[in-house]
Amino acid sequence: MLRRPHVARFLLAAAHPCFCEEDSANTGNGVRPSGGDPVPVVRLSEGKAGRPTGVVIATKGMTTQLQSTLLHLHAAGIRHVVEVRKSRDANGARTCAHDRRVHKFVEQVVNSSSLALHVNSDLFYRCVDLIDEPVFTDERTIAAVAKLVECADVELLAAIPDSFEDLMPLTDGLAAALRVPLLANSPSTSRCRLDKASMQEALARAGVGGARQVRAASPDEVCELIAGAGLEYPVIVKPVLSNGSEGVFFCRSGEELTSAVASNIGSSNVFNQKNDEVVVQEYLKGDEFVVNTVSLHGKHRVLDMWAAAKGVEGNKILYGHQTLVAEPGDQADVVDFALRVLEAVGFAGGAAHLEVVRTVAGVRLIEINARPAGHTPRATRQVGEDQISALVQAIARPAEFLERAERAPHYSLRRVCRRGSEELVMVVFLRASRDAEVHRDDLMRIIRLPTFRRFDRVAVPMFADAVEQSEDNTFWVASRTEGLFTVPLTVLLVGSKEELERDLKRIRELEGTMYRPFRTFDPAHFAGPLEGADQQRWLAVVLPKVGFRVQALAGCKFQGSDGKMDHYKGNDVGTVSRWNEDRILITWDRTGLTTSMANLAWAQSFKVLEEGPEVPEVSARLQALPGKRLRAPAPTGAQDAGVGEEKAQPAWIFQPYDVGTVTAVKDGRVVVVWDDSGLGSSVAEASWASNFRLLLQEGHERRPGADAASGSAEVA
């Protein structure tokens, strides 16, 4: 489903290497600000017949990688960007019409610096929505998108995906339909670059050495299939389409294998597609490496490479740490294998992220992702470039990229530590051993490590600063780490090999005590969830539930929105009557009124006295709250009483402070028989605490005259 594009015209200027269009008055000399040095001039990238050039970027919305790409494209002289945004809902918050973060970034961050940097160039930005399309988009849809994207006055040079590999089939299709000259890969081989089984099959056909594997669509057949293929335990199970270790299992037995397949088949994956097939592969044991590359016309460059350590816990393979490889030439077999993989899967242009293992049988592929690494570049300072800068160079200055690919294709370190040793980077993936609360003090111990640089893969900008500026009792919530998406924090360290290993050891020691059980700290000091944390799971544990008895703290009170109606005051007692994702509702014994409060702020005003039941049991004693009463139906014939005849008054079933006994809980209702009237009434399970309080001890308090409410109300 397509939506008409939103079109916006912006003046786009980078915040660092600036450029201006050359004009006859400043040819070759730059633009000289008053009283300053010349500002360098970079010629705008031009296509055939002097036409301005542009790039198509497939995205799912704003990412830091998209921001970086826009800045680099602008700095390189690219004048047009067309965003094709995939989203699930035509009226969703992430569509071009509703999510304006890209527009805001261009206008307020990039464009606002134009005049200050003496930049005078236009970026024409267009956004096209592609709604609810499968991973492998059909040719008809591709053709329709291409018509919206193309512009007769602009030469589109390339179609590239943002940091999600499931966008790659879309960009492959658009590149072919638009006949772009750069970074184009055949749509006929797209599946080999995305499907976890197909990529290994492509390697086997090319004689590169694919992992042994079988495909399976049912847990009933999988054990027989792996036996027929000669696979031995342990084996790895993963969906054929997946990301970030989602659905990946380490299986040591047939029972574990069957369970892993069953948990995947029929489930929805991270790409919002139903898993109808898994691949079972041999477990590749050995030294692991991550290789990040950029390619153009089949010429490949390695931009950074990392030695990776992982660990197996239960049936999950967890990320441990990654260390920048100082000299790629020292791992020549790994580099050579990675480039052969690119050829085998038909990858001639663009950025790629590969994970490989050096086994006793040779280097083998875990997987290839045909997109840039899914995080902010981590070694730009040490290497002098990164995947984004090299990718844009391949688009804007292809001859320069190809010359570099021939002369010095792979990166080399350019920074050394103060003592003369090489400056390396280490990425440490924290592992929460359980659902936990993480205190500020523990994070500060990490921040104070000598090699600490920043936290990565975290939604809060400059998270280390946020921790340092937080109050002493602040804490965050983490979920038990079961894969990349539940790594609570990623830590970047920079230093010599010895310094990095020392601080890695210290971090692992800190992790032994930093994951505290829920309810360890005062909920009033909760700061938010860490990456992948299930905040609702924490709330369900720490917040008072329906039926809990709470007391207002001394000095706390609420007089209503008009300041006149007394709802509660210090030391009043009430019952939690409702609870949802945002608020807690408490009904107060003294007034019978209900108030609500943001659920994360309740501990600042109340404390829990008793943990009552969510629904009262049979034989429980309830007392009606002030203002709560119910009349019996009018007696038969009462409405027909003649003149002068006294009308029969309906009896009260219960009145404020009356006490009754729960006689049944069924069909979602609580049935109560009242002592004074002998009559019965029922109330919805979800509403009982809004009308009554539970008497935990025999006896009750009747307070005549305390009821100031008038009229009657039927129990909901």
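The values are calculated or read from the model by the stated rules, or taken from the named source; none is laboratory data. None of these values were measured; they are calculated from a predicted model. Cβ sites come from the backbone with ideal geometry, for glycine too, and all protein chains shown count toward neighbours. Surface accessibility is based on the protein's heavy atoms, side chains included, excluding ligands, DNA and RNA. Shrake-Rupley method; radii C 1.70, N 1.55, O 1.52, S 1.80 Å.
Of everything in the range 445-465, what is free of Cβ contacts under 8 Å to residues at least 60 places away in the same chain and among the hydrophobic types (A, V, I, L, M, F, W, C)? Give them in sequence order. Let's see the steps before the verdict.
Step one: of the range 445-465, the residues free of Cβ contacts under 8 Å to residues at least 60 places away in the same chain are 447-455, 461-465.
Within the range 445-465, ILE447, LEU449, PHE452, PHE455, MET462, PHE463, ALA464 qualify.
Tell me the residue from VAL222, VAL154 that is of a type outside the set (Lys, Arg) and in contact with a His (Cβ under 7 Å, 6 or more places away or on another chain), please. Give the steps one after another, and end with the answer.
Working: VAL222 fails: in contact with a His (Cβ under 7 Å, 6 or more places away or on another chain).
That would be VAL154, the only listed residue that is of a type outside the set (Lys, Arg) and in contact with a His (Cβ under 7 Å, 6 or more places away or on another chain).
For the range 570-587, how many residues are in contact with a Gly (Cβ under 9 Å, 6 or more places away or on another chain) and either of a type in the set (S, T, N, Q) or over 24 Å from PRO613 (Cβ atoms) (or both)?
Filtering the range 570-587 for residues in contact with a Gly (Cβ under 9 Å, 6 or more places away or on another chain) gives 570, 575-577, 586-587.
Subsequent filtering for residues that are either of a type in the set (S, T, N, Q) or over 24 Å from PRO613 (Cβ atoms) (or both) retains 570, 575, 577, 587.
Number satisfying all stated conditions: 4.
Given the range 338-443, what strands (runs of 3 or more DSSP E) lie entirely inside it while holding 1 or more residues that are touching a His at 6+ places or on another chain (Cβ under 8 Å)? Let's see the steps before the verdict.
Values: elements: 350-359, 362-369, 424-429, 436-439.
By residue number, 362-369, 424-429.
So which residues in the range 650-677 are within 51 Å of the chain's Cα centre (by Cα) and part of a loop (DSSP other than H, G, I, E, B)?
Across the range 650-677, the qualifying residues are PRO656, TYR657, ASP667, GLY668.
Among the residues of the range 521-543, are any among the hydrophobic types (A, V, I, L, M, F, W, C), more than 24 Å from the chain's Cα centre (by Cα) and farther than 30 Å from PRO616 by Cβ?
yes
Look through the range 118-136, keep the residues that are closer than 16 Å to ALA159 by Cβ and open to solvent by 10 Å² or more (accessible area, probe 1.4 Å), and return whichever of them is modelled with the lowest pLDDT.
GLU133
Select from the range 385-416 the residues that are within 24 Å of PHE337 (Cα to Cα) and among the basic types (Lys, Arg) and write down the one among them that is least open to solvent (accessible area, probe 1.4 Å).
By that ranking, first place goes to ARG404.
What are the residues in the range 185-216 that are more than 30 Å from ILE142 (Cα to Cα), not polar (S, T, N, Q) and not in a helix (DSSP H, G or I), if any? It would help to see each step written out before you state the result.
So the first thing to find is which residues in the range 185-216 are more than 30 Å from ILE142 (Cα to Cα), and the list is 204, 207-214, 216.
Restricting the remaining residues to those that are not polar (S, T, N, Q) gives 204, 207-212, 214, 216.
Of everything in the range 185-216, those that are more than 30 Å from ILE142 (Cα to Cα), not polar (S, T, N, Q) and not in a helix (DSSP H, G or I) turn out to be GLY207, VAL208, GLY209, GLY210, ALA211, ARG212, VAL214, ALA216.
Could you tell me how many of the residues in the range 442-452 are surrounded by fewer than 17 Cβ atoms within 10 Å (Cβ to Cβ) and of a type in the set (D, E, K, R)?
Number of matching residues: 2.
Condition check: closer than 24 Å to LEU231 by Cα, in contact (Cβ under 8 Å) with a residue 24 or more places away in the chain, among the aromatic types (Phe, Trp, Tyr) and surrounded by 18 or more Cβ atoms within 10 Å (Cβ to Cβ). Does TYR319 satisfy that? Step through it out loud before you land on a result.
Numbers: closer than 24 Å to LEU231 by Cα: no; in contact (Cβ under 8 Å) with a residue 24 or more places away in the chain: yes; among the aromatic types (Phe, Trp, Tyr): yes; surrounded by 18 or more Cβ atoms within 10 Å (Cβ to Cβ): yes.
Here the answer is no, as TYR319 does not meet what is asked.
Residues of the range 616-648 being at pLDDT below 70, outside any helix (DSSP H, G or I) and of a type outside the set (Gly, Ala, Ser), which ones?
Start the filter on the range 616-648 by keeping residues that are at pLDDT below 70, which leaves 635-648.
From what's left, outside any helix (DSSP H, G or I): 635-637, 641-648.
Within the range 616-648, PRO635, THR636, VAL643, GLU645, GLU646, LYS647 meet the criteria.
For THR323, only one of the following conditions fails: (1) at pLDDT below 95; (2) under 25 Å from the mean Cα position of the chain (by Cα); (3) not aromatic (Phe, Trp, Tyr). What is its number?
Every condition holds for THR323 apart from (1).
Taking interchain pairs and intrachain pairs at least six residues apart, which have beta carbon atoms under 6 angstrom, with the first residue in the range 359-384 and over 23 Å from ALA159 (Cα atoms) and open to solvent by 30 Å² or more (accessible area, probe 1.4 Å) and the second at pLDDT below 95 and basic (Lys, Arg)?
Listed pairs, sorted by first residue: GLY384/ARG414.
State whether the residues of the range 96-103 include one that is modelled with pLDDT of 80 or more and at positive phi.
no
Select from the range 572-603 the residues that are outside any strand (DSSP E or B) and modelled with pLDDT of 90 or more and write down the one among them that is most open to solvent (accessible area, probe 1.4 Å).
Taking the range 572-603 first, the residues outside any strand (DSSP E or B) are 572, 580-582, 589-593, 599-603.
This time we only want the ones that are modelled with pLDDT of 90 or more, so: 572, 589-593.
Details: ASP572: 17, ASP589: 25, ARG590: 67, THR591: 28, GLY592: 5, LEU593: 52 Å².
For the range 572-603, the residue satisfying everything is ARG590.
Output the qualifying pairs, or none if there are none: Cβ atoms under 6 angstrom, residues six or more apart or on different chains, first residue in the range 515-532 and over 20 Å from THR486 (Cα atoms), second residue of a type in the set (Ser, Thr, Tyr).
Every condition considered, the pairs that remain are HIS525/THR474.
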